[in-house]
1. Could you tally the net charge around Gly131, taking each other residue with its Cβ under 14 Å from the Cβ of Gly131, Lys/Arg +1 and Asp/Glu -1?
2. With only alpha-carbon pairs counted, each pair once and no self-pairs, how large is the Kirkwood hydrodynamic radius of the range 9-109 in angstroms?
3. Taking the full set of protein chains and a 1.4 angstrom probe, give the accessible area of Cys196 in square angstrom, rounded to the nearest 10.
4. Could you state, as a whole-number percent, how many of the C-alpha pairs of the range 149-296 are farther apart than 26 Å?
5. Taking 8 Å as the Cα distance limit and 6 or more residues as the minimum spacing, I'd like the relative contact order of the chain as a percentage.
6. Kindly provide the helix-only [θ] at 222 nm of the chain, computed as the sum of -39,500 (n - 2.57) over DSSP H runs of four or more divided by all residues, to the nearest 500 deg cm²/dmol?
7. At 7 Å along Cα-to-Cβ for each site, give me the label-to-label distance between Asp180 and Phe120 in nm.
8. Dividing the Cα radius of gyration by the Kirkwood radius, what Rg/Rh value follows for the chain?
Amino acid sequence: MNRMFYPAVLLATGIGWGFTQPLGKIAASTGHKPFGLIFWQLVVCVVVLGVMTLGRGKGLPRHPAALRFYVVVAVLGTLVPNCTFYLSVARLPAGIMSIITAMIPLLAFPMALVLGMERFDLRRLAGIALGLCGVMLIALPEASLPDPAMVLFLPLAMVGPLFYAMENTFVARTGMAGMDAVQAMFGASVVALVLCGPVMLVLGHGFWPFPPGRAEWALFASSALHALLYATFVWLAAHAGSVFASQSSYVVTVAGVVWAMILLGERFSGWVWLAALVMLGGMFLVRPREKQAVPA
């Protein structure tokens, strides 16, 4: 296989995932409420992941460990972080949301440390410190955000990365109950959809997306992209190594900012660009060391 194939797949995956950030802002731009957006996002994910799972002749395990996995990942990895994402991205620039997403591995490391899954490492501790400095660079200088009042929504935007880090830690600690990643996420999406429906109805967040307008098409595209790119990420991790695949996070952060500039016309101060560089530096220091050789 061509030596550039895996790097090309990694680059395409990161660019595609970065594209979902401004699409999410477009989806939330018309005033659709969070759980209504999450519901239709999950409908698309269930269809895409279901086709991929059932098309490979695999079913949906229903033993206790699998059911526990579905519920935990549905809550930690979908319902809570997606709710805070849609609330935040409606008020913050999509590029800022992409930079904040870089906090996921920085938050996951101290959780793993407390649970005894990682050993203390000064290099990775320095990475966490850089990540916090990146957030402060966005929050503190008055020129970093288009409107200084936006800083009030930064803590809300941080909830998503916090819950994703909790989800990642849970999966790393307990595994996926004998399932492959696509199969596991299909089950988690089904359970999240079942849980989301009643919440959406009780809160009055429901809406009918047909015929779809610009916001609805953005929601459908973002949801389908997420499902497809997740499957690609899993394939890449299996063939090129998990640490190699995790480098897509760098591309996601940068691509999210660039896509926000292209699609939404967002422009950022020097403080924001410095924050992005500091965050990327933190991610580089926190990254785990590869335990297997990456194929050439």
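The values are calculated or read from the model by the stated rules, or taken from the named source; none is laboratory data. These numbers were taken from a predicted model, which means no experiment stands behind them. All Cβ positions, even for glycine, are placed from backbone atoms using ideal geometry, and neighbour counts span all protein chains on display. We work out accessible area using only protein heavy atoms, side chains counted, and drop any ligands, DNA or RNA first. Shrake-Rupley method; radii C 1.70, N 1.55, O 1.52, S 1.80 Å.
1. Numbers: positive: Arg123, Arg124, Arg287; negative: none.
Result for the local shell: +3.
2. On the way: mean 1/r = 0.0643 Å⁻¹.
Over the range 9-109, the inverse of the mean reciprocal pair distance is 15.6 Å.
3. 0
4. On the way: 4619 of 10878 pairs.
Counting every Cα pair in the range 149-296, those more than 26 Å apart make up 42 percent.
5. Values: 408 pairs, mean separation 127.1, N = 296.
Rounded, it is 43 percent for the chain.
6. On the way: 13 runs with 214 residues, N = 296.
Here the helix-only value at 222 nm equals -24000 deg cm²/dmol.
7. 4.2
8. Working: Rg = 18.7 Å, Rh = 19.6 Å.
On the Cα set of the chain, Rg over Rh gives 0.95.
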